[in-house]
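Here is the structure we will look at, set down as structure tokens.
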Amino acid sequence: MASLDDIQTTMQSAVTTIADLVSAQSKQVPSLSSGHLDVSRVVQTGFVRVTGISVIVAGAVGALHDINSITGAASSNKIYEVAATKGFYPVNLIFATGLTYVPGAAQEIAIMYTRI
């Protein structure tokens, strides 16, 4: 027969496991938005997961870069080309250094992301 200490230990372990699962799940759901972007901008520094991109005004093709400065944005750190077609684009992109957006001519977007 299990003692009260054994039952308590088991329950504490279950609570910790459930909390870890909830934390891992919440990192998959976009909790942040860049808001409306129409100029080059460092959206977030550090590790970021982009979960969706909404092209509000099509314009020309833009880009998302894995860099933490606008001046450092280059083809070598370009991760994703933002379409020149209006609409929502679900993605699952990791940016280890930072998330910087460089728009195409007249392009306007919003980026949904989560910090990891």
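The values are calculated or read from the model by the stated rules, or taken from the named source; none is laboratory data. Keep in mind that what you see is a predicted model, and the values were worked out from it rather than measured. Note that each Cβ is placed from the backbone with ideal geometry, even for glycine, and that neighbours are counted across all protein chains shown.
Quick notes on this structure:
- Residues that are closer than 12 Å to Y101 by Cβ and loosely packed, with under 15 Cβ neighbours inside 10 Å, drawn from region 70-82: I70, E81
- Scanning region 3-14 for residues that are surrounded by 10 or more Cβ atoms within 10 Å (Cβ to Cβ) and either among the aliphatic types (A, V, I, L, M) or outside any helix (DSSP H, G or I) (or both) yields I7, M11, A14.
- Restricting the first member to region 13-39 and to residues that are among the hydroxyl-bearing types (S, T, Y), and the second to residues that are modelled with pLDDT under 90, the beta-carbon pairs closer than 7 Å and six or more apart or on different chains are S31/T114.
- Of all residues in region 60-88, those satisfying the criterion of being under 17 Å from D38 (Cα atoms) and in a strand (DSSP E or B) are G62, A63, L64, H65, Y80, E81, V82, G87, F88.
- H36, sole failed condition from (1) surrounded by 12 or more Cβ atoms within 10 Å (Cβ to Cβ); (2) out of contact with any helix residue (DSSP H, G or I) (no Cβ under 9 Å at 6 or more places or on another chain): (1)
- Residues of region 42-59 that are farther than 13 Å from T100 by Cα, touching a Lys or Arg at 6+ places or on another chain (Cβ under 9 Å) and either in a loop (DSSP other than H, G, I, E, B) or at pLDDT below 95 (or both): A58 alone.
- Residue match in region 89-100 (condition: part of a loop (DSSP other than H, G, I, E, B) and among the polar types (S, T, N, Q)): yes
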